[in-house]
Structure formats: structure tokens, C-alpha cells
Amino acid sequence: EDDAYNRGVPSKVIKVARLDVMPPVDPIMESVSPENGQMQIRWFPSASEDAIGQLLYKKTEDSDDEQWQLVDTLEAGQSIYLDPLVEIGKDYFYRLMAYDEANNLSDFSGVKQGRVPFPGEAVVVSNLSVVFDQSQLENKNLLEWEYSPINEQIANAPFVFEIYRSSGGNVVELLTSVEGETMIFEDREISQNVLYNYAVRIRFDNGWVGDLSEIKSIMVK
């Protein structure tokens, strides 16, 4: 009102939201495990009703404790994530936090660790063939095969092909090795009237070993 006691028109009522300073409840990390060359992370999301999102972080075994990298921003209810940016044989550590509409951040969840193993069963030569070759003066068994790396990391790793051989019903044993660019081998140390069995395996310089190929047999007459 004014000095003459005249009252003004009441103003509109404005609702003011209470300042939210309470952070969401922490998510709970459940597991980290390899899945088809990726890393699968599972967790229990924040139980807070006002949580609107989650932040997933990771670091590697050779990172400092403070070098956590943001992997992705996720919806509040999401509870599983596949991380494709991982390398074979390296340890990865994951943790996450939740946030609400007021950008309050929860504490970090616990940390879970996982490693992508070398997929030996997928790193194997294909279409191995063995033929007896009499085209020249010296008889020989001619082996040929194919190989396609399953990813870039494996494609860039130096390796050799190991040639395995046995005769009759014996178990194949390592005979020799050839360079990784070679997909052919001539076995000249053979005798007539003997059954020979062959297989090929990939061995990498860093210690990775692929599975033994299918065994192929041939009777030298």
C-alpha cells in the first residue's frame, strides 16, 4: 500500500523449487567380463528416483590412478554396456556414477576389472589341403592353406605358421615353421606306402597361440 493507505493488486504466487543438494545413491558395479572381443559391464543403477543419467569411466592397467577416461553417458535405468574399444591381453578397470536434474553427482561405484583373452579358437588357418606332387624329379607332399586375421590388433602382430606332421595313427608333432607371409609348404622328407597327417598352427611372436587346424591326411604310394 502507499502513503494514503491505498492497497495494490496482489501479485501472482510464484513457486520456488527447493534447492536440491542431495546427490543420488551410488550405482553398484556387478561384473566385468569379455564378450566376443568386447568388454561387457553390468551394474545395478542408482536407486534414487530423481537420477536422470549415469557416467561410465574406465582406465587401463598402465594408467595412473587419476587417469580415468569417460567411456559414455548413459540413461538412468541402463544396467549393461559393451565396450568395443579394448585390446587383447590388457586389463581394464571400470566404475560409474549417477547424476540428477540438479547435476548432483553420486559417489563412484566400486571398481571391477576384466581382461580380453586371446581368442585362440578363432585364430586358425582354413581350407588346409595336402596333395602328393610327382611333377618334378623329387616327390613331395604339397600343403596349402588360407588365413584371415579377425581384427586389426591380431593382423598387426608378427607370427609364423607351424607345420605339424605324423605318420600312421600317431599324434601330430611340430615339424617346422614358415614365415607368416607364406601359405604353402613342401614336405620332401617322405617315403612310399606311408600315411602322413598334417596340421597347421599360428604362433605369434608375443606368445599368442592359435588352435591347431583340422588334420589332413594323405597316403603316399
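Below are the figures for this structure:
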item: 222 nm mean residue ellipticity, helices alone, for the chain (DSSP H n ≥ 4; -39,500 (n - 2.57); rounded to 500); result: -500 deg cm²/dmol
item: Residue-wise HN-Hα coupling along segment 41-58, computed from phi with Karplus coefficients 6.51, -1.76, 1.60 (Hz; x: Gly, Pro); result: 10, 10, 7, 9, x, 4, 7, 6, 5, 8, 5, 10, x, 9, 10, 9, 10, 8
item: C-alpha center-to-center spacing [segment 98-143, segment 31-97] in angstrom; result: 22 Å
item: Sequence-distant residues sharing a close amide H with Ile52 (under 5 Å, placed H); result: Tyr99, Asp100, Glu101
item: Nearby aspartates and glutamates by direct alpha-carbon distance to Lys221 (threshold 19 angstrom, same-chain neighbours under 8 apart not counted); result: Asp133, Glu138, Glu186, Asp187, Glu189
item: Ranking of Leu74, Leu195 by count of other Cβ atoms within 10 Å, fewest first; result: Leu195, Leu74
item: In order through segment 165-182: 3J(HN,Hα) via Karplus (6.51 cos²θ - 1.76 cosθ + 1.60), integer Hz, x for Gly, Pro; result: 8, 8, 10, x, x, 7, 6, 5, 10, 4, 9, 6, 9, 10, 4, x, 7, 9
item: Cut-off under 5 Å, modelled amide H: who pairs with Leu175 long-range; result: Ile163, Tyr164, Arg165
item: Computed magnitude of the charge dipole of segment 120-220 (debye, nearest 20; Cβ of K, R +1, Cβ of D, E -1); result: 280 debye
item: Linear extension gain, Asn36 paired with Leu195, 0.36 nm per residue minus alpha-carbon span; result: 53.4 nm
item: 5 angstrom amide H check on Ile28, placed H, neighbours 5+ away; result: Phe44
item: Hits among lysines - C-alpha to C-alpha of Lys112 under 22 Å, sequence gap 8 or more where chains match; result: Lys58, Lys59, Lys90
item: Base-10 log of normalised Debye intensity for the chain (one unit scatterer per alpha-carbon) at q = 0.14 Å⁻¹; result: -0.89
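Readers should treat all values here as calculations from the given coordinates under stated rules, not as data from a laboratory. All figures in this text were calculated on a predicted structure; none of them were measured in a lab. Heads up, the Cβs are rebuilt from the backbone with ideal geometry, glycines too, and the neighbour counts pull from every protein chain shown.
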